[in-house]
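K.L.:
One structure follows; several queries about it will come next.
The values are calculated or read from the model by the stated rules, or taken from the named source; none is laboratory data. None of these values were measured; they are calculated from a predicted model. Heads up, the Cβs are rebuilt from the backbone with ideal geometry, glycines too, and the neighbour counts pull from every protein chain shown. Please note that ligands, DNA and RNA were not included when accessible areas were found on the heavy atoms of the full protein model with its side chains. Shrake-Rupley method; radii C 1.70, N 1.55, O 1.52, S 1.80 Å.
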Amino acid sequence: MRRNSQYLLSVALTAALVLFCSRVYAQEKSSTGAKPDFDMTASYIEACSCDMFCPCYFNTHSTHHMDEHHMDAHFCRANLVLKVDKGYYKNTKLDGTKVWVSTDLGSEWSTGKDSWAVINYDPSVTPEQRVALNDIVGQLYPFQWQQFDVDTQGFTWHVDEKTGVARAKMNNGKGEVVLERGKGDDPNREIVMQNLKYWQAQSNDGFRMWKNKHEEFEGKGHKFSYDGTNGFLITIHFSGKAKTALAGN
């Protein structure tokens, strides 16, 4: 009887040891393998040439417009102005960094035909942060740009929740976005579009309908200006593994 008790005790101890080791291994694997190389929460002031709300999110080609020569054309010209609320890239902190992306998605998304992008960094962005943001932005917007340029211009970024006005403006006067909060039936509630993916970001807080009062950009051979078109505020969360940084480090 004593021998059986010793045998049962040995089995129980062995099982407990296996369970303990499994839990430790799972915890170690979770703590080391699950952490991404970068993690970013960023808020945007964004406007484009499309009517509200941007139909490009529901199609594989850009919107049909009249271009500056009054010719039929397909394009989506936009300013995407982001400020990193909190983030890191490996050992580099990204809190407070600002990036201004001016772009035209072109006429055909599958080939990137007629498309271009200019990524502009505020001078306060350090070289290490620029390398990090090159990689992050490249993964967030994995588009086949026909023309891609990098610039450095200072700019302001401000959202006034009290007055319902959001504004981003380049110090050289070559870029500006002014949004006004949309009015819904209930003045105490914002107009927010939910359940819609923002590019490659894993999640967002919803597209807040703040209509474009005015947006413009001029630089690297590109120029556009639109009033009364699509605009929104949005806060996104994006994380992932590091890849080779884009050109323009």
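K.L.:
Scan the stretch 97-128 for residues that are crowded, with 22+ Cβ neighbours inside 10 Å and over 19 Å from Glu218 (Cα atoms) and jot them down.
P.N.:
Correct list: Thr97 only.
K.L.:
Of these, Val118, Val177, Val137, which one is over 30 Å from Asn91 (Cβ atoms) and at pLDDT 95 or above?
P.N.:
Val177
K.L.:
Assuming Gly221 fulfils every condition listed in (1) more than 17 Å from the chain's Cα centre (by Cα); (2) touching a residue at least 24 places away in the same chain (Cβ under 8 Å); (3) under 27 Å from Ser107 (Cα atoms); (4) loosely packed, with under 15 Cβ neighbours inside 10 Å apart from one, which condition is it?
P.N.:
Checking Gly221 against (1) more than 17 Å from the chain's Cα centre (by Cα); (2) touching a residue at least 24 places away in the same chain (Cβ under 8 Å); (3) under 27 Å from Ser107 (Cα atoms); (4) loosely packed, with under 15 Cβ neighbours inside 10 Å, the one that fails is (2).
K.L.:
Let me ask you something else. Find the residue count for the stretch 208-225, including only residues that are closer than 11 Å to Gly175 by Cβ and among the small types (Gly, Ala, Ser).
P.N.:
Qualifying residue count, the stretch 208-225: 2.
K.L.:
Among the numbered conditions (1) within 24 Å of Gln129 (Cα to Cα); (2) buried (at least 16 other Cβ atoms within 10 Å of the Cβ); (3) modelled with pLDDT under 95, tell me where Gly240 comes up short.
P.N.:
Answer for Gly240: the failing condition is (3).
K.L.:
Residue by residue through the stretch 187-218, note down the ones that are over 21 Å from Val159 (Cβ atoms) and over 17 Å from the mean Cα position of the chain (by Cα).
P.N.:
Glu218
K.L.:
Report, by residue number, each residue of the stretch 129-175 that is part of a helix (DSSP H, G or I) and surrounded by fewer than 14 Cβ atoms within 10 Å (Cβ to Cβ).
P.N.:
none
K.L.:
Okay, moving on. Would it be correct to say that Leu94 is open to solvent by less than 60 Å² (accessible area, probe 1.4 Å), touching a helix residue (DSSP H, G or I) at 6+ places or on another chain (Cβ under 9 Å), modelled with pLDDT under 95 and aliphatic (A, V, I, L, M)?
P.N.:
No: the conditions fail for Leu94.
K.L.:
Continuing with this model, one more query. Quick one: Ile45 ticks every box in (1) surrounded by 16 or more Cβ atoms within 10 Å (Cβ to Cβ); (2) among the β-branched types (Val, Ile, Thr); (3) at pLDDT below 95 except a single one, so which number is it?
P.N.:
(3)
K.L.:
Filter the stretch 180-212 for residues that are basic (Lys, Arg) and within 20 Å of Pro55 (Cβ to Cβ); which is most open to solvent (accessible area, probe 1.4 Å)?
P.N.:
In this case the residue turns out to be Lys197.
K.L.:
List pairs: first in the stretch 66-79 and closer than 18 Å to Leu179 by Cα, second in a loop (DSSP other than H, G, I, E, B) and modelled with pLDDT under 90, Cβ under 7 Å, 6+ apart or cross-chain?
P.N.:
Pairs found: Cys76/Ser62.
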